Amino acid sequence: MSTKLGKVTTLSTRHNGFQQSPSAPYNDFEKWHPRFYEESGDLVFRAESTLFKIHSHFLADSSKGMRAALALKRISSSRYRGSNASPLNMEGSVRGWECILRLFYRRNLFTAIQFTPDQWMEILPIAHEYGMGSIEEEGVEELLFQPEFNLDS
């Protein structure tokens, strides 16, 4: 349940037995992403002020850098895979991560996912930062064929 108190938004929720205070300011705690916080996930990360809990194999399969990092023996501990108390800090916007994770957690496997140019502009910095080559290539190709998108501007 979200409420607005002036310019401060608060969130009162119970998740994994942890009660967040309804009086705590939004900036003082993370919120769990409503769709991409999977109970069975093994990787907790934060983008902006939102926690994501996903299955690490999705990032390992799409990113050479993440695959190498997750393959390290020390990464197998929860300390290095993140936790609610100490999530991994990831670059990029919540909106960009939502789009990327939609590729992995599809509601309908038989429907193609279409992104707008604005969504691709959120996705591309993340794909580049984490070496997600196929996602980055697809985004650049999609943007090049958008009539309203101009690389020179």
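The values are calculated or read from the model by the stated rules, or taken from the named source; none is laboratory data. Since the model is a prediction, treat every value here as computed from it, not as a measurement. Note that we place each Cβ from the backbone using ideal geometry, even for glycine, and neighbour counts take in every protein chain shown. Just the protein is used for accessible areas: all its heavy atoms, side chains included, with ligands, DNA and RNA removed. Shrake-Rupley method; radii C 1.70, N 1.55, O 1.52, S 1.80 Å.
Values computed for the structure shown
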{"item": "The range 113-127, subset outside any helix (DSSP H, G or I) and either aliphatic (A, V, I, L, M) or farther than 9 Å from Cys99 by Cβ (or both), residue most open to solvent (accessible area, probe 1.4 Å)", "result": "Gln114"}
{"item": "Positions within the range 102-112 being of a type in the set (A, V, I, L, M, F, W, C) and modelled with pLDDT of 90 or more, in sequence order", "result": "Leu103, Phe104"}
{"item": "Matching residues in the range 129-152 - criterion: being at positive phi and at pLDDT below 90", "result": "none"}
{"item": "Only one of Gly131, Gly96, Gly82 that is of a type outside the set (S, T, N, Q) and within 18 Å of Asp61 (Cβ to Cβ)", "result": "Gly131"}
{"item": "Pair list, Cβ under 8 Å, 6 or more apart: the range 83-108 residue in contact (Cβ under 8 Å) with a residue 60 or more places away in the chain, other residue outside any loop (DSSP other than H, G, I, E, B) and open to solvent by 70 Å² or more (accessible area, probe 1.4 Å)", "result": "Asn84/Phe18"}
